[in-house]
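Where a number appears in this text, it was derived from the coordinates with a stated rule and is not lab data. The structure presented is a predicted model; accordingly, all values stated were derived computationally and were not measured. A quick note on method: Cβ atoms are made from the backbone with ideal geometry, for glycine too, and the neighbour counts reach across all protein chains shown.
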Amino acid sequence: MTSSQNKNLMQEKIGDIRNDLSGFTALAALSEKAKGVSLEKVDLDFQSCNFFEANMAAPFYAVMTRYYEQLNTVLLINIRPEIRTILQKNRFLCESGFSELHDSNHTTLPFKRFKLAASDQFSDYLDQYMHDRGIPKMSDGLAKKFRQSLFEIFQNAMQHSHSEQGIFVCGQFFPKQHRLDFTIADAGIGIRENVRRFWKNDKISSCQAITWALQENNTTRQNQPGGLGLKLIKDFLRLNEGKMLIVSRYGYYEFSASGETCRKLPYDFSGTCVTIEINTNDTKSYALKSELKSSDIF
């Protein structure tokens, strides 16, 4: 990603945006460049973007809000037709004045902005769009718990992010790649800042904060159980051979059946993003062990 700037004009070239380290590094670089830019016209030039994974619309919008908050005018230009089509189908480009296209293949989980008090609307979103997207067969009990865990991720963003622009949600079913990616992002203060305030320690790194927040029952809410609500999801993804990404400030965390890592990003992704990637080629059926006289995932 490169930048050129004239008086009252800033242009950023957008490369491929994928749901991986390279994609989030590019978004973090763009986010960091927003600092100190105000009252300007900002062109985001997609001429060099050949691939944009549709669920990445959520963190991409989180970055765009950094420019909006500084009273900049943001235009998306030179979007290739194939990318424009999918981003019109998932309604992301509707935020920038493009018309919506009908998703006849039913592969999109549309981009949506939620106000911080819109938990009921998020619940309705899950009811409407998390069906028939290749999710492996689950018992009623597990399906309910899985949905509750997604809701907890949203609630965590709602209660802790202090994201003035709200919470951004998007997803995409990739039938040929056999995966479903579901993403929740915000443009808030980040996990690191919340954990630093809680422990009164400004030396805690982004990776340390993410690692702490992932521990069961760890929460910055006083006298309340909490955490990111991810234990059940991680247990499922381990068996499903899926993946989870958490990106917050300088921290990039990745979990899969082969293990988990957290590394430092070279730039500041101002906010937090959680992506759940489900392997839809999985033909197994899942249930809770509690349904089989136990208490963990089966």
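Some points to look at:
- So Ser163, is it touching a strand residue (DSSP E or B) at 6+ places or on another chain (Cβ under 9 Å), surrounded by fewer than 18 Cβ atoms within 10 Å (Cβ to Cβ) and touching a residue at least 60 places away in the same chain (Cβ under 8 Å): no
- Pairs meeting the criteria (first residue in region 190-205 and touching a residue at least 24 places away in the same chain (Cβ under 8 Å), second residue assigned to a loop (DSSP other than H, G, I, E, B), beta carbons under 6 Å, at least 6 apart or on different chains) are Asn194/Thr220; Val195/Ile204.
Every residue, every condition in (1) assigned to a loop (DSSP other than H, G, I, E, B); (2) under 26 Å from Tyr286 (Cα atoms); (3) not charged (D, E, K, R), yes or no:
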residue: Arg147; (1), (2), (3): no, yes, no
residue: Met158; (1), (2), (3): no, no, yes
residue: Ser163; (1), (2), (3): yes, no, yes
residue: Ile204; (1), (2), (3): yes, no, yes
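- Qualifying residues in region 137-156 (those that are touching a helix residue (DSSP H, G or I) at 6+ places or on another chain (Cβ under 8 Å) and among the charged types (D, E, K, R)) - the one surrounded by the most Cβ atoms within 10 Å (Cβ to Cβ): Lys145
- Matching residues, region 173-193, being buried (at least 23 other Cβ atoms within 10 Å of the Cβ) and acidic (Asp, Glu): Asp181, Asp186
- The set of residues from region 233-258 being more than 22 Å from Met138 (Cα to Cα) and not in a strand (DSSP E or B) comprises just one member, Ser258.
- Scanning region 128-141 for residues that are closer than 23 Å to Tyr61 by Cβ and without any contact (Cβ under 8 Å) to a residue 24 or more places away in the chain yields one hit, Gln128.
- The residue list Ile135, Ile153 contains one member that is among the β-branched types (Val, Ile, Thr) and more than 15 Å from the chain's Cα centre (by Cα), which is Ile135.
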